[in-house]
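Here the structure is laid out as structure tokens; the discussion comes afterwards.
Taken together, the values in this text are just the output of simple stated rules run on the coordinates, not laboratory data. Source: prediction; values computed, not measured. All Cβ positions, glycine included, derive from the backbone under ideal geometry; neighbour counts span all protein chains shown.
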Amino acid sequence: MLFRFFGFLTLQFAGALAGWWLGGRWGALAGLALAGLFWFGVDLLRGASVLRWLKQGEASGAPALRGLWGEVSDRTRRLLRQREQQTQDSQARLQEFLAAIQASPNGVVLLDKAGCIEWCNQIAAEQFGFDARRDVLQQIGNLVRDPAFAAYYAGGDYAHEISIPGPGSTPSRPVRVSIHLHPYGEGRKLLLSRDVTALEQAEAMRRDFVANVSHEIRTPLTVLAGFVETLRTLPLNESERSRYLALMAQQAERMQTLVNDLLTLSRLEGSPPPGAAGWTPVHPLLERCLQEARTLSALVTRGETAGHELRFDPAPDPHSMGEIAGAPNELHSALSNLLNNAVRYTPAGGVIEVQWRMLPDGRAEFSVKDSGPGIAPEHIPRLTERFYRVDRSRSRETGGTGLGLAIVKHVAQRHGAELRIASTPGLGSTFSIIFPASRIKGPGGAAPAPAAPPVAARPATESLQK
């Protein structure tokens, strides 16, 4: 400011001196006035250039000035750059925040005070069937038309969450979405959603499991209690006592089988997967399973005119079947369950074909094909659910617990194998387990190289028949 003041005085003095030299006293006064006007004009032009720059709003276009206006433009430019940097930082933090919300496994929708969508992430768009760009500023009530949500939104009580069907939900493949509203700001709302289909299915399965276990155990216990009461209260001859005791032993064996299967499932689910260091010869394993299947067939078809025809196709060669890596007891349980299932659900006189074959990629397939009644397509996805039965009455008649295929599924998963089920009503069924090449050793004694990666077991809900 001092320099500016002295500059103004110097210009005034120069103007007065020039005017005095040209016109005396009046010339000096005119020189003073002209010098002041010149100073004011130049200063006005410098200020106008700063004003034009400020109107443009770009920090990079600041005029190169000196003096007071130069200091003003420099300070203003620094402030604008600081403000631009702060804005960029805020935008970057906002984008990071939005990216974090986009990465969330739950849906997030921001609603204004009128209930219009301000923003939503991709998960919410998928869960509700939104278009993240097209449906912005649309009323949430116009897009989510479920009556339960409409009542929840209008009620104003958001202390709890609700569950509604998701888009594309069908009775055979239900989809459930949980919704929770959180008010914030001045009338705005944050809508959080999550897919609870698996949770509700798990809870339903848990309830069904408890109910099924209770039912399966209560039935033989009721029979046992009735026979015990009969033996205690009625005078029976020796043949009647023997018959009742045999029936009691049958029911006790049924309960023991159920408990053993439950313990097997619990052990499979709670223990680490078996390693690939121990090798088991395939031929003795299959011979043991076949012998058990023949014994079961004799029991199931007792009194029938014809039994089951069990075929091993092609005829087994003990020296060409190789070895398999894994837990021998688990492998025996899985293969035996598939064979026993075929025996139980194939009518007397039916044909059951068993096959073990090496695949071109080094994997091995164990398959059991029966000539039974077959399974309708709608039942196949649920066959490995615990206690799920296509024909409940026949399963109980043949002694099944409803846990056999659940055990097969878990054993297959633990060995990196794949369980496949193919069936046509009236034409029989084929159950196959395909073991990965890394767990198969050929007849020469060497594992195939390179080993194919383990095949993930086909996902299933839980289990079926034994």
| Inter-site label distance for residue 159 and residue 200 at 7 Å from Cα along Cβ, in nm | 2.4 nm
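Once the Cβ-Cβ distance between residue 294 and residue 329 is put in as r, and R0 is 25 Å, what FRET efficiency do you end up with, to the nearest 0.05? Intermediate values should be presented prior to the final figure.
Details: r = 21 Å, r/R0 = 0.83.
That pair, residue 294 with residue 329, gives E of 0.75.
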| said: I want to check the label-to-label distance for residue 93 and residue 242. Put each point 7 Å from Cα in the C-beta direction and report it in nm to one decimal. | reply: 9.1 nm
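Would you please give the FRET efficiency between residue 131 and residue 85, computed as 1/(1 + (r/R0)^6) with r the Cβ-Cβ distance and R0 = 51 Å, to the nearest 0.05? It would help to have the intermediate numbers written out before the result.
Details: r = 35 Å, r/R0 = 0.69.
The value I calculate is 0.90.
Stretch residue 222-residue 302 to full length: gain in nm at 0.36 nm per residue minus the Cα-Cα span? Let's see the in-between values first.
Working: separation 80, 0.36 × 80 = 28.80 nm, distance 2.61 nm.
Stretched fully, the residue 222-residue 302 segment lengthens by 26.2 nm.
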| field | residue 424 paired with residue 277, simple spin-label distance in nm, labels 7 Å along Cα-to-beta-carbon | value | 4.8 nm
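Hey, got the dipole for region 164-227? About the Cα centre, +1 on K and R Cβ, -1 on D and E Cβ, debye to the nearest 20? Walk me through the numbers before you get to the answer.
Details: 8 positive and 6 negative charges, 27 e Å.
It works out to roughly 120 debye.
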| So how do 24-33, 201-210, 231-240 stack up, highest first, on mean other-Cβ count within 10 Å? | 24-33, 201-210, 231-240
| field | Order by protection proxy (mean Cβ within 10 Å, highest first), peptides 93-99, 132-138 | value | 132-138, 93-99
| query | What does the highest-first list of 44-52, 346-354 look like by mean Cβ count within 10 Å? | reply | 346-354, 44-52
| request: Give the residue from 158, 209, 169 lying farthest towards the positive end of the charge dipole for region 136-282; charges sit on Cβ (+1 for Lys and Arg, -1 for Asp and Glu) and the dipole is referred to the Cα centre. | output: 169
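Suppose R0 equals 51 Å; then what is the FRET efficiency for residue 267 and residue 145 from their Cβ-Cβ distance, rounded to the nearest 0.05? List each step's numbers first, then the result.
Numbers: r = 48 Å, r/R0 = 0.94.
Efficiency, rounded to the nearest 0.05: 0.60.
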